[in-house]
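Please read the structure below before turning to the comments.
Since every read-out is calculated from the coordinates, none of them should be taken as a lab result. Because the structure is a prediction, the values reported are computed rather than measured. A quick note on method: Cβ atoms are made from the backbone with ideal geometry, for glycine too, and the neighbour counts reach across all protein chains shown.
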Amino acid sequence: MKYTIGLDYGSDSCRAVIIEAQTGKEVASSVKYYKRWVQGKYCDPANNQYRQHPLDYIEALEESVKEALSKSPSGTAEAVVGMSFDTTGSTPALIDKDGQILALRPEFAENPNAMFILWKDHTAIKEAARINEIAKKWPIDYTAYEGGIYSSEWVWAKVAHVLKADKSIVNDAYSWVEHCDWMPALITGKTKPAEIVRGRCAAGHKAMWLKEWDGLPTEDFLVEIAPELKGFREHLFHETYTSDVKVGNLTQEWADRLGLTTDVAVGVGAFDCHMGAVGAEIEPKTFVRVIGTSTCDIMVASYEDMHGKLVPGICGQVDGSVIPGMIGLEAGQSGFGDIYAWFKSVLAWPFEKILKESSLVDEATKAKLIEEALDKMIPELSKEAAKIPTTESSALAIDWMNGRRTPDANQMVKGTITGLNLASSAPLIFKALVEATAFGSKAIVDRFLENGIEIESVIGIGGISLKSPLVMQTLADVLGMPIKVAKSEQACAFGAAMFASVAAGIHPDIKAAQKAMGQGFAFEYKPDMEKHEVYMKIYAKYQKLGQFTEKELFQ
């Protein structure tokens, strides 16, 4: 038996899964949280700054792989033949001439601008607006295959922002690298800027890469965005590679650090949602929703079906970004689970502030009460919200608390809640927030359908899809479509393990890997079509409220 390891780097933690490459059976897994991130270091939520230290990634890699191997049968480590990574994105970092992440140098060790800029960092709104302004006047619209609107969540806006904001890093910043490309480079020893193997997924969806215009945008275009980008174009890349391609093998150093062998093949990295869609056995006309703190929605289509089509307002359509030989399409919501977490945080304030300072109970009891309240809050809200009838006169919310990713990226907009009265309860508001995230999903589905992209089935993956019947049933009712939930709790890591099996030569292509290793589905949510009719009336109000919110309040 041969094994592959899939590594999934999410917003908060790294997950490692060890998979039997021939059968798809999960042997062991491990989840490790980023220590500095958990402490809130390098982040300023009030200013939409979210940075992660590369040491968090390195430490989580070692700890998760070692722990997963410790849970595996004897001899597993020697039989591991492949490893692949998926990460959040766009999550880039600046590197020096030697390919070192600036934050790994002593002088920049505590500088957030020298670290990885997490996907949900929205500090580059002005730079994104500048890119969009220039692109519409340029002879080539470099945003055309990225939905026509460049986002502050994407690499060029982020890199331009930190270079403009922090002159201390400009002289040492030679190039940049996406997190999903850096991990394979690190453990194969190919970290020099000219050696880094760049994945098609990240480059095509976030960096405006297209083979037909010789790769990345021209030097003139980039300097027009920000003079600080001068020289970056020649320090980057022309070619990109799909995730079935092998980057190299583990170096001796990393084989020793992970407890593996140098025979392990390392595949080209990609974003979590794209590999997650593969792990969920995506095929044409399937709409895969990776549901977590945000959502990422993935589809694949043949060249014939996409001929002459440019879907506006999505996160790009890229040849081979999901499955080699097909066009990958990406959309998503900037806030999903994060919205529920925000509401929980609002309700938790009295516990965490007043109860914590109370002298009526001892410290141990206070800690237990707070922990119990926080653990039970979302389940209890969900239970009570499910009892509330679905009516047109209920509270209504807009799901833009973290801006809007698609359709039509705009990180300036904000969330709203309306229709409240003195009888509005916490479960009622929670229900409105759940419905808002479903309505945001409906807007994405409609954008695909309006542009001739057929959707015959919906698949949900991620923790929320497996753990929240209220959210998933509401989503099915709003979409008016059944939703299958992938059985694996680690579909993204599973997808990475599938790609690793191809990179290692176990399977000839990713379709064969999906067939051999796919785990199927746990259950299916079927829509209540009577509720769907009611929801379509509420959805019309959602659209009107969204238009008002964007036009009148937050421009």
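General observations
- Filter on Lys206/Lys487; Lys167/Lys192; Lys431/Lys467; Lys35/Lys206; Lys344/Lys467; Lys414/Lys484 - keep pairs with C-alpha separation over 19 Å: Lys206/Lys487; Lys167/Lys192; Lys35/Lys206; Lys414/Lys484
- Semi-axes of the equivalent ellipsoid for the range 174-333, Cα gyration tensor, largest first, Å: 26, 23, 14
- Dipole magnitude of the range 306-423, debye to nearest 20 (Cβ charges: Lys/Arg +1, Asp/Glu -1, about Cα centre): 220
- Restricting the range 301-359 to GluC sites (Glu not before Pro) in coil, as DSSP defines it, with at most 10 other Cβ within 10 Å: none
- The equivalent ellipsoid that matches the C-alpha gyration tensor of the range 349-488 spans semi-axes of 33, 18, 16 angstrom, in descending order.
- Phi to ³J(HN,Hα) by Karplus 6.51 cos²θ - 1.76 cosθ + 1.60 over the range 96-112, Hz, x for Gly, Pro: 8, 4, 8, x, 7, 4, 4, 5, 8, 8, x, 6, 10, 4, 10, 9, x
- DSSP bridge orientation in the chain - percent antiparallel, rounded to nearest 5: 70
- Average 1/r across all pairs of distinct alpha carbons in the range 33-113, invert it, and you get the Kirkwood radius: 15.1 Å.
- Net charge of Cβ neighbours under 14 Å - reference Gly292; Lys, Arg +1; Asp, Glu -1: -2
- Counting all C-alpha pairs of the chain, share separated by more than 40 Å (%): 22
- The charge dipole of the range 255-306, taken about its Cα centre with unit charges on the Cβ atoms of Lys, Arg (+1), Asp and Glu (-1) only, comes to about 180 debye.
- Whole-Å distance, taken between Cα centres, linking the range 1-43 and the range 177-223: 24
- Scattering curve values for the range 429-555, log₁₀ I(q)/I(0), Debye with Cα scatterers, q = 0.19 Å⁻¹: -1.08
- Environment charge of Asp44, counting only residues whose C-beta is closer than 11 Å and scoring Lys/Arg +1, Asp/Glu -1: +1
- As a length-normalised measure over Cα pairs under 8 Å and 6 or more apart, the relative contact order of the range 113-173 settles at 43 percent.
- Here, P(r) means the percent of Cα pairs in each 10 Å bin from 0 to the largest distance; for the range 506-555 it is 19, 19, 17, 19, 22, 3.
- If you take all other residues with their beta carbon under 14 Å from the beta carbon of Ser488, and give Lys and Arg +1 and Asp and Glu -1, the sum is -2.
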